[in-house]
1. Could you order the peptides 482-495, 170-183 from most to least packed, using the average number of other C-beta atoms within 10 Å per residue?
2. Quick one: 3J(HN,Hα) in Hz for region 40-46, Karplus 6.51/-1.76/1.60 with θ = phi - 60°, rounded, Gly and Pro as x.
3. Determine the sum of side-chain charges near residue 519: Lys and Arg each +1, Asp and Glu each -1, restricted to other residues whose C-beta is under 14 angstrom from that of residue 519.
4. Through the Karplus equation 6.51 cos²θ - 1.76 cosθ + 1.60, θ set to phi - 60°, convert the phi angles of region 711-728 into ³J(HN,Hα) values in whole Hz; use x for Gly and Pro.
5. Residue-wise, which Karplus ³J(HN,Hα) couplings in Hz belong to region 432-439, taking 6.51 cos²θ - 1.76 cosθ + 1.60, θ = phi - 60°, and x for glycine or proline?
6. Subtracting the Cα-Cα distance from 0.36 nm times the residue separation, let me have the gained length for residue 373 to residue 593 in nm, one decimal.
7. Can you report the principal axis dimensions of region 1-70 using only the alpha carbons, biggest first, rounded to whole angstrom?
8. Using label points projected 7 Å from each Cα along Cα→Cβ, tell me how many nm separate residue 25 and residue 768, to one decimal.
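Coordinate-derived values only; no laboratory data. The structure displayed is predicted, hence computed values, not measured ones. Positions of Cβ are generated from backbone atoms using ideal geometry, with glycine treated the same way; all protein chains shown enter the neighbour counts.
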Amino acid sequence: MVHIVQYMANMGSIASLVLAVVINDNDSMKLWGLVVCHHTSPRYVPFPLRYACEFLMQAFGLQLHMELQLASQLAEKKVLRMQTLLCDMLLRDAPYGIVTQSPSIMDLVKCDGAAMYYKGKCWLLGVTPDESQVKDIAEWLLKNHGDSTGLSTDSLASAGYPGASLLGDAVCGMATARLSSKDFLFWFRSHTAKEVKWGGVIHHPEDKDDGGRMQPRSSFNAFLEVVKSRSLPWEISEINAIHSLQLIMRDSFQEIDESGPKTTIHTQHKDSEVQGLGELSSVACEMVRLIETASAPIFGVDSAGLINAWNAKVSELTGLQASEAMGKSLLNEVVQEDSRGVAENLMRRAFNGEEDKNVELKLQKFGLHQQSSVLYIVVNACTSRDYTNSIVGVCFVGQDITSEKVVMDKFNRLQGDYKDIVQSLNVLIPPIFASDENACCSEWNAAMEKLTGWMRNEIIGKLLPGEIFGDFCKLKGQDTLTKFMILLYRVISGHDSEKFPFGFFDRKGKYVEVLLVANKRIDEDGKIIGCFCFLQTVGSDMQDFGNKQEHGDSLSKFKELAYIRQEMKNPLNGIRFIHKLLESTAMSEDQKKLLETSEACERQIMSIIEDMDLGRIEEGSLELNMEEFLFGNVVDTIVSQVMIILEEKNLQLVHEIPDEIKTLNLFGDQVRLQLVLSDFLLNIAQYAPTPNGWVEIKVSHGFKLIQNGNELVRLQFRMTHPGEGIPSGLIQDMFERGNQWTTQEGLGLNLSRKLLNIMNGHVHYAREQDKCYFLVELELRTRTSRQRGQAKSDTSRIT
């Protein structure tokens, strides 16, 4: 290997910084190259700058990956061009036309020369071995690779050809296609040194490699010597194109062996015209067979617009057989009415000699296909000419895009719904912005415009860290920018984010404090394409909203909406989880139990939407719907509502609930009890750390009490998670007695605590050294006391 110290000494540097360029290669990461920075004096690079360099390499790697994908797409287009070229070759006189006319086999792939060896004779094009050397190569192939239909190599010497040294640098690589037992096509490539431009100073004549260590500059010379004996490697697309030509030519050669070669030698004999007609008929038959069996829809019309060609593929797509299609008017009987104007213009231009490409047409469907009555195709229109070169019709070569069109229409509708929601100024839609995989802004909704003062058209496409948040929305310091950059980088790399305190100055210079939550964006293949960021303002928005109200109950209405939005998440998550289980569960008693849990979640939603009276909750005078219920059903329902978040955060659920508690038959407001307990449990799960996090539920009961003729059982719920616990701001909101709350979660916890008080219960939140927990204590009536009293469910008012 090159000695790094000597290399740096030759460069005149004593400090070096190396950055890796990594790209995504088939769902794995691959080192593509290095960026090496040198300095002439010792230099300390601080972490923010190192991280910025790493982020720059990340962005460069993403851009490079897109460039490589573009190159791959261009290669696919090149293959299509090659296939067109193959079809063009079929129109020649075989086999000599492919080497005597233009385009020739040299145009099929990138090469420096080509040759055909047929019936012991050679046809040479470009830079090739001489005729005797070509014959020698053919004999070597028959002797050493007789069982192969072809050979490709970037070095004839490495492939074992004994005469490779005599060919020199002009011929190094070769690809062959065996047409018959002794006939071949050849493509040749020269060495690659002529295409490589090396940089660097000239080596000192006395610098020598000693075998154990290479001199830094000598290593380049050694590599150049190796390159001289090899050509550019043959690409897969080029090998496929050669193989396709081989298959076509082998069929043609079989006919030639049976009937003799087809030539266009003009003689004075009377039989020449008959021979020419035979050749033309053979070529025409071959073209008809190719069109009929093509995988693309192909159809044609005569000068009157009547169908005179209709291949098997278009019959399959439309349900209209060729025998029925012939003679029909394409415009009036096959093309959809709203597409006739486009088709008529397309035909008119073709009859005038002007050919169009990639034009969308809509065709009718017939027979059993009428259920989906429209066929979308993209066509190229080509003029059809007779032997006098007069235009006699139009040929259409198409591609079926019906499925893509349906998907695109659905996408457009979803995109419209998405824009209507995201760009709404409804108070329930938070400020949202999004980034692509390069951390450039791809979304900036109306709420963000209102919050920052910067319009969407001013922001879209600009870099989020440094440009948008840095130049437009000023930050307090470099540390804030670095943390924001790290957050974006982590989410774009596939990691989840917790709530991140963030602050910036808006367009007018006012400082805005928010909580930022970022979620990764993925495409239909599950590939990460960026992230979504949601902002939640801290305090000021709610205070401003309250200051603008003319009536005291307006704030209460706003709180109701915010509370509904927050609390509906819990039962909806439960329904999602139950439905997910039902997909893989056969109809059984277990399924019935799951359906009962789903029904309990739905009842909880309806209670939130229809029966929630925040004023009476605040006053402590809410009416409770007292009914008999099985306590185990309540436990199943609240656990189902957090299962989705437990799975997403990979948290372990630990529960300790004795069977004698699960089987208790109790009296109380089951729906509101579910609401309260699920709210506490969801917050426990939400703020449990990941990875290696867990959530524990423990339920115990105390002594039974007899009070006013009623038998009461005291239940204690302990919901625990490790780590630092729920933010102190939320706990403060939970126990705040006034209307001052800063977050939706805080409002939910506050109202759940008050609901629990109405149900004769209370809650505490405790922090210990390595864990935190909610402790809920509640007294409920048992069925025994119910039997002593009234037999039907009743409604009691507790004040």
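1. Values: 482-495: 17.5, 170-183: 20.5.
Listed from highest to lowest mean packing, they are 170-183, 482-495.
2. In residue order, the calculated couplings are 8, 9, x, 9, 8, 9, x Hz.
3. Values: positive: 490, 499, 520, 521, 649; negative: 443, 496, 498, 648.
Here the count lands on +1.
4. Using θ = phi - 60°, the values come out as 9, 10, 10, 9, 10, 10, 10, 10, 10, 10, 9, x, x, 6, x, 6, x, 4 Hz.
5. Rounded to whole hertz, the list is 10, 9, 9, 10, 8, 5, 9, 6.
6. 74.7 nm
7. On the principal axes, region 1-70 reaches 39, 32, 18 Å in Cα extent.
8. Taking the simple label geometry, residue 25 and residue 768 are separated by 5.1 nm.
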